[in-house]
Amino acid sequence: MHILVILLPLVNSILCGLFGRYLGSSGCVRASFVSLFLTALVSWLTFYRVAFWGEAIHSPLFPWVHSGCLGADWCLAIDALSATKLIVDTTVSYLVHVYSSEYLGADPHVGRFFSYISLFTFFMVALVTADGLLQLFFG
């Protein structure tokens, strides 16, 4: 479930970026609202799991770089501090999406804007949940 925190903003960015013309402005806004609301909800549930149950989450997703004796896997590492940062980042990002939808009401490039801001949210979450220094630089 905690993998959705990082996947939902990326999927929303791809959806609004590639299919923004077909969805229209209101479709991109609705997709962004649902995606970021679910991201914030999952981050709150992850915070509850980490803070109140005392579980630190270390979840390897896929092998990333393997060359000789150097090996780095893409992992999510969520402890109490990163869970707190997750709820701040995703909740504020959701509120920015809500404010931006009203602010950019008549702009013809709303889909592109929501694609970029969702991609920014993805990189912010990737930075917070980084397991190692290489993944931290990616975020």
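The values are calculated or read from the model by the stated rules, or taken from the named source; none is laboratory data. Owing to the predicted nature of the structure, the values given are computational and were not obtained by experimental measurement. FYI the Cβ positions are ideal-geometry reconstructions off the backbone, even for glycines, and counts take in every protein chain you see. Keep in mind that these areas ignore ligands, DNA and RNA; they rest on the heavy atoms of the full protein, side chains included. Shrake-Rupley method; radii C 1.70, N 1.55, O 1.52, S 1.80 Å.
Here are a few things to note about the model shown:
- When the Cα atoms of the chain are aligned to their principal axes, the ranges along those axes come out at 51, 39, 20 Å in descending order.
- Probing with 1.4 Å while keeping every protein chain in the model, the per residue accessible area of the chain equals 58 Å².
- In plain terms, the C-alpha convex hull of the range 13-62 casts an average shadow of 4.5 nm² when viewed from every direction.
- Note on residue 58 and residue 18: their simple-model spin labels are 3.4 nm apart, each label 7 Å out from Cα toward Cβ.
- When the helices of the chain are scored as -39500 (n - 2.57) per DSSP H run of n ≥ 4 and the total is divided over every residue, the value at 222 nm lands at -25000 deg cm²/dmol.
- The alpha carbon centroids of the range 112-134 and the range 58-94 are separated by 11 Å.
- For the range 47-116: span of alpha carbons on each principal axis (Å, largest first): 53, 37, 13
- For the range 77-139, the calculated P(r), taken from all Cα-Cα distances in 5 Å bins from zero up to the bin holding the longest distance, is 4, 17, 22, 21, 14, 10, 7, 4, 1 percent.
- Per-selection Kirkwood Rh - the range 25-88 (Cα, Å, 1 d.p.): 13.8 Å
- The relative contact order of the chain, computed from alpha carbon pairs under 8 Å that lie at least 6 residues apart in sequence, is 33 percent.
- Acute angle (nearest 10 degrees) that the helix 4-53 long axis makes with the longest principal axis of the chain, alpha-carbon atoms: 40 degrees
- Each label point was placed 7 Å from the Cα along the Cα-to-Cβ direction; for residue 96 and residue 67 their separation is 3.2 nm.
- The range 1-131 - percent of accessible surface contributed by carbon and sulfur, probe 1.4 Å: 70 percent
- Computed on the range 22-96, with alpha-carbon pairs under 8 angstrom and 6+ residues apart, the relative contact order is 34 percent.
- Cut-off under 5 Å, modelled amide H: who pairs with residue 76 long-range: 59, 61
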